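Nothing in this text is a laboratory measurement; each read-out follows from the coordinates by a stated rule. Predicted model, so just to flag it, every value in this text is computed and none were measured. Every residue, glycine as well, gets a Cβ built from its backbone with ideal geometry; the counts of neighbours run over all protein chains shown.
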Amino acid sequence: MQDKKLINLIVRAAEEKKALDIKVLDIRKGSGISDFMIICSAESEPQLRAIEREIEKDLRYNKVKGFRWQGELKSGWLVLDLSFVVVHVMHQRERDYYQLEELWEKDAIIYHY
């Protein structure tokens, strides 16, 4: 699956479950680990779980393989590793605290959804 198509699939799935402040960061310039990072927020643990499940459902439906989730709901931060795309689904308080966008802003092109 092409990068853009995969990114759009993930963003649409997050939007479906009302994820907040979705951003796609093109980090190819500053990272040897991944090409893109998607960050979105949730307001509660149930919403974190719903976003996680919707993204996973859409990935499986589109036969995307080799992905895995890390993190726990109680931590307020779930990470999906697709090798060249890393997805961060975060409770708003964790997102405000860790400020991932600010860590990457000098080395990334940021797209807002």
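Potential lengthening of the chain between Leu73 and Lys5 amounts to 21.7 nm, from the contour at 0.36 nm per residue minus the alpha-carbon distance. Rounded to the nearest Hz, the phi-derived 3J(HN,Hα) couplings of the stretch 44-57 under the Karplus curve 6.51 cos²θ - 1.76 cosθ + 1.60 (θ = phi - 60°) are 7, 4, x, 6, 4, 4, 5, 5, 4, 5, 5, 4, 4, 4, where x marks glycine and proline. Estimated at 0.36 nm per residue, the fully extended path between Asp21 and Ser83 surpasses their Cα-Cα distance by 20.0 nm.
With N counted as the residues of the stretch 42-96, its alpha-carbon radius of gyration over 2.2 N^0.38 Å works out to 1.11.
Counting other beta carbons within 10 Å of each Cβ, put Val24, Val89, Val11 in order, fewest first. Please report the intermediate quantities before stating the final value.
Numbers: Val24 23, Val89 29, Val11 20.
Going from least to most buried by this count: Val11, Val24, Val89.
Where both bridge residues fall in the chain, DSSP classifies roughly 70% of the beta bridges as antiparallel.
Residues in the stretch 84-97 carry Karplus couplings, in order, of 8, 10, 10, 10, 10, 10, 10, 5, 4, 5, 5, 5, 5, 6 Hz; the curve used is 6.51 cos²θ - 1.76 cosθ + 1.60 with θ = phi - 60°, and Gly or Pro positions show x. Near the amide H of Trp77, within less than 5 Å, lie the amide hydrogens of Glu72, His91, all on another chain or at least 5 residues away, with H placed in the peptide plane.
Take the Cα of Arg49, step 7 Å toward its Cβ, do the same at Asp96, and the gap between the two points is 2.4 nm. How fast does the stretch 64-113 diffuse by Stokes-Einstein, in µm²/s, taking the Kirkwood radius from C-alpha pairs at 10 °C and 1.306 mPa s? Rounded to a whole number, D works out at 130 µm²/s.
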